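Below is one structure, written out as structure tokens; the observations come after it.
Coordinate-derived values only; no laboratory data. None of the values given here were measured: they were computed from a predicted structure. Because the Cβ atoms are built from the backbone with ideal geometry, glycine has one as well, and the counts that use them run over all protein chains shown.
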Amino acid sequence: MNFNRRQFLHTSSIAVGTMVLPAQEWLKKLLAPAGEMKTLRNNVGIFTERGGTIAWLIDKQGIVVVDTQFPDTAAHLIEEIKKQSSLELDLLINTHHHGDHTGGNIAFKGMVKKVVAHQNSKANQERVAVSSKTEDNQLYPDTTYLNEWSQKVGNETITLRYFGAGHTNGDSFVHFENANVVHCGDLMFNQRFPFVDRTSGANIQNWIKVLGKAKKTFDKDTIFVFGHAGDGAEVTGTYKDLQAMQNYLSQLLKYVKLQIKAGKTKEQLLETKPEFIPGAPTWKGQGMERSLTAAFEELTGKK
Ligand SMILES: [Zn+2]
Ligand SMILES: [Zn+2]
């Protein structure tokens with residue numbers, strides 16, 4: 001009897017234990033704020049929830065949104081915008097085609113005057129949507145450009161610039177000129193191992209040059225917005241962060257070149273990976289394999 005009772009208590013406490021945890025998780029989710037709006041300068045700011053950082057301009061004369069994360073998080077941003085303005089969006093801009101930057105475009109359908117991206121970004125978005133059979137969930141750019149594109153919205157001028165292949169072959173820098181805020185898209189993974197999308201024309205050697213052109217084009221006062229950041233690192237920063245990213249990519253190539261010279265195969269390179277790339281210790285966390293694989297393939301021309 002005693003034994004059974006003890007056993008009963010034991011099994012029931014386990015049952016309670018497993019029920020409590022999901023309930024706490026559920027409550028945490030319910031109480032968490034849906035996305036965060038943060039003003040950077042003038043009427044320009046960022047929205048962060050899940051996926052690539054979104055930049056926005058919201059004022060009485062117009063609205064601009066750069067990148068859209070996913071449909072559910074984009075809906076949260078739309079709620080925030082509607083609290084401040086009943087205007088239609090003048091511009092919806094995509095820094096590049098990846099799903100964590102264009103997935104939420106569809107939530108803006110019927111609310112925007114123009115959807116703008118680099119021509120390669122549009123082509124990549126279409127190609128990926130066809131191959132993944134997600135064409136019904138896309139809102140594609142209706143305006144594309146090759147080297148530079150600009151439009152005035154209220155008192156602000158928004159300029160898109162393309163400096164060549166980097167994270168993909170269609171990444172734009174989006175400059176709010178008066179506020180002097182630049183969205184870098186995924187050309188900036190601040191202190192986080194970047195995704196290098198070789199199937200979409202990424203190139204690490206050229207990426208270093210692209211960041212160099214950005215440093216020359218913008219200035220010391222520019223606030224840069226980053227697509228992603230590592231744990232504890234910021235999603236905004238200065239030209240110094242671009243310099244650090246350039247250094248990371250250079251050190252990565254240098255390291256992989258040495259390993260290739262030493263006769264290592266791709267498999268051996270991945271097996272013997274260090275904790276961080278020598279000379280770039282602030283790049284850490286998950287995903288070094290993506291960098292090593294991409295660098296190996298780029299340097300050897302082998303898949
Ligand atoms: Zn991204
Ligand atoms: Zn990306």
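Residue by residue, here is whether (1) within 16 Å of ligand 2 (Cβ to nearest atom); (2) small (Gly, Ala, Ser); (3) more than 27 Å from residue 37 (Cα to Cα) holds:
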{"site": "82", "(1), (2), (3)": "no, no, no"}
{"site": "93", "(1), (2), (3)": "yes, no, no"}
{"site": "96", "(1), (2), (3)": "yes, no, no"}
{"site": "100", "(1), (2), (3)": "yes, no, no"}
{"site": "104", "(1), (2), (3)": "yes, yes, no"}
{"site": "121", "(1), (2), (3)": "yes, yes, no"}
{"site": "124", "(1), (2), (3)": "yes, no, yes"}
{"site": "127", "(1), (2), (3)": "yes, no, yes"}
{"site": "133", "(1), (2), (3)": "no, no, yes"}
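Scanning segment 75-95 for residues that are within 15 Å of the chain's Cα centre (by Cα) and over 13 Å from residue 139 (Cα atoms) yields a single hit, 95.
Within segment 186-228, the set of residues being within 14 Å of ligand 2 (Cβ to nearest atom), more than 14 Å from residue 168 (Cβ to Cβ) and without any contact (Cβ under 8 Å) to a residue 60 or more places away in the chain comprises 190 only.
Between 262, 244, the distinction of being more than 16 Å from ligand 2 (Cβ to nearest atom), of a type in the set (A, V, I, L, M, F, W, C) and surrounded by fewer than 16 Cβ atoms within 10 Å (Cβ to Cβ) belongs to 262 only.
For segment 158-175, the condition of being in contact (Cβ under 8 Å) with a residue 60 or more places away in the chain, in contact with a Phe, Trp or Tyr (Cβ under 8 Å, 6 or more places away or on another chain) and away from ligand 1 (no atom under 16 Å from the Cβ) holds for at least one residue. Checking 165, 233 one by one, the residue that is assigned to a loop (DSSP other than H, G, I, E, B) and farther than 23 Å from residue 299 by Cβ is 233 and no other.
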